[in-house]
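One structure is given here, and the rest of the page talks about it.
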Amino acid sequence: MPRKRTPKNDDVPPSLDEKNAQIQKMKADLKKLDAEILAEKKKGREAKQKHKEDMERLRWQERGINNEIFYQTSRHAIQIGIVKKDYDKTKIELAQLRVDLKLATDEQVKAEIVKEDQDTRERLERRTKHLEEVLKSGSNRKVWKECELCSLEFEEHGLWIPKVLKCGHTFCWGCVQRLAKPDFIRCPIDKTVFVFSENDDVNKIPKNFRALNAL
Ligand SMILES: [Zn+2]
Ligand SMILES: [Zn+2]
């Protein structure tokens, strides 16, 4: 018959109380662990938030710098533009003054102008006679499509292209070239002087499409 083993102290099964205590400890440990996890998560969230804020701040700084660069560049461009405009204006005014002076003092130019006005007067007299004849003869000539100075009918090409001066008067290309001086053109009808600037000469006088398209 086996001898009944006397259990040693170690082998004593834990009492209910001891088990309960262990469970309580484990629960407490778990709670602590939960708290730690929560704290870690919170730290992570905070770090992410901080990162987001840092990035946002950086983006704002970058935007600020870009704006500053843009502002400085545009200000510079505007300043250059103002100076250039002043320069161009001064050059045009200077050209205008030179022509004014020439018209007032240059005897040769003055004589040419007098001759030109005489010529215009004769041309306009011829023009009036021509219009009267057209009216009398009942001819269907489109007189409104003719150059006032030479009575040639406007055409799409060559010397008969209608050209309009800034005053609104239209003459054929041939007459315009005859009237133009190297630095100005003077409208023979209203005597307005148009000074050519550096980027502007007789070739820049625009075509009058309306005169061409008139029926
Ligand atoms: Zn005119
Ligand atoms: Zn003409």
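Looking only at the stretch 127-145, residues that are in a helix (DSSP H, G or I) and free of Cβ contacts under 8 Å to residues at least 12 places away in the same chain come to 8 in all.
Out of the stretch 164-183, which residues are touching a strand residue (DSSP E or B) at 6+ places or on another chain (Cβ under 6 Å) and either among the basic types (K, R) or at pLDDT below 95 (or both)? Passing the criteria: only K166.
Only one of the listed residues (D119, D88) is in the same structural domain as F184 (by TED's automatic domain parsing) and surrounded by 11 or more Cβ atoms within 10 Å (Cβ to Cβ). That residue is D119. Here G174 qualifies as near ligand 2 (Cβ under 10 Å from one of its atoms), under 41 Å from the mean Cα position of the chain (by Cα) and small (G, A, S).
Looking only at the stretch 174-189, which residues are part of a loop (DSSP other than H, G, I, E, B) and over 16 Å from K115 (Cα atoms)?
Selection gives P182, D183.
The criterion of being within 33 Å of the chain's Cα centre (by Cα), part of a helix (DSSP H, G or I) and either within 15 Å of ligand 2 (Cβ to nearest atom) or assigned by TED's automatic domain parsing to the domain that holds I92 (or both) does not hold for L124.
Listed here are the residues, each with its yes/no results for (1) away from ligand 1 (no atom under 16 Å from the Cβ); (2) in contact with a strand residue (DSSP E or B) (Cβ under 8 Å, 6 or more places away or on another chain); (3) acidic (D, E).
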| position | (1), (2), (3) |
| --- | --- |
| V114 | yes, no, no |
| R123 | no, no, no |
| H130 | yes, no, no |
| V134 | yes, no, no |
| G158 | yes, no, no |
| V195 | no, yes, no |
| N208 | no, yes, no |
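For T73, the stated conditions hold: it is hydroxyl-bearing (S, T, Y) and surrounded by 10 or more Cβ atoms within 10 Å (Cβ to Cβ). Kindly indicate the residue of the stretch 181-215 that is more than 27 Å from K145 (Cβ to Cβ) and among the polar types (S, T, N, Q) and also surrounded by the fewest Cβ atoms within 10 Å (Cβ to Cβ) among those meeting that condition. For the stretch 181-215, the residue satisfying everything is N199.
Any chance the stretch 198-205 includes a residue that's over 30 Å from A95 (Cβ atoms) and more than 16 Å from ligand 1 (Cβ to nearest atom)? The answer is no, given that none of the residues of the stretch 198-205 is over 30 Å from A95 (Cβ atoms) and more than 16 Å from ligand 1 (Cβ to nearest atom).
With the condition kept exactly as written, say whether any residue in the stretch 146-168 is polar (S, T, N, Q), surrounded by 15 or more Cβ atoms within 10 Å (Cβ to Cβ) and part of a loop (DSSP other than H, G, I, E, B).
To start, the set of residues in the stretch 146-168 that are polar (S, T, N, Q) comprises 151.
Filter once more, so that each one left must be surrounded by 15 or more Cβ atoms within 10 Å (Cβ to Cβ): 151.
Add one more test, that the residue is part of a loop (DSSP other than H, G, I, E, B), and what stays is 151.
Within the stretch 146-168 (the criterion being polar (S, T, N, Q), surrounded by 15 or more Cβ atoms within 10 Å (Cβ to Cβ) and part of a loop (DSSP other than H, G, I, E, B)), the answer is yes, since at least one residue qualifies.
I'm checking my understanding of the structure. Among residues of the stretch 192-214 that are assigned to a loop (DSSP other than H, G, I, E, B) and in contact (Cβ under 8 Å) with a residue 60 or more places away in the chain, which one is farthest from ligand 2 (Cβ to nearest atom)? So the residue we want is E198.
Checked against (1) touching a residue at least 40 places away in the same chain (Cβ under 8 Å); (2) more than 8 Å from ligand 2 (Cβ to nearest atom); (3) charged (D, E, K, R), E148 passes all but condition (2).
The values are calculated or read from the model by the stated rules, or taken from the named source; none is laboratory data. Because the structure is predicted, anything quoted here is derived from the model rather than measured. As a convention, Cβ positions derive from the backbone with ideal geometry for all residues, glycine included, and neighbour counts pool all protein chains shown.
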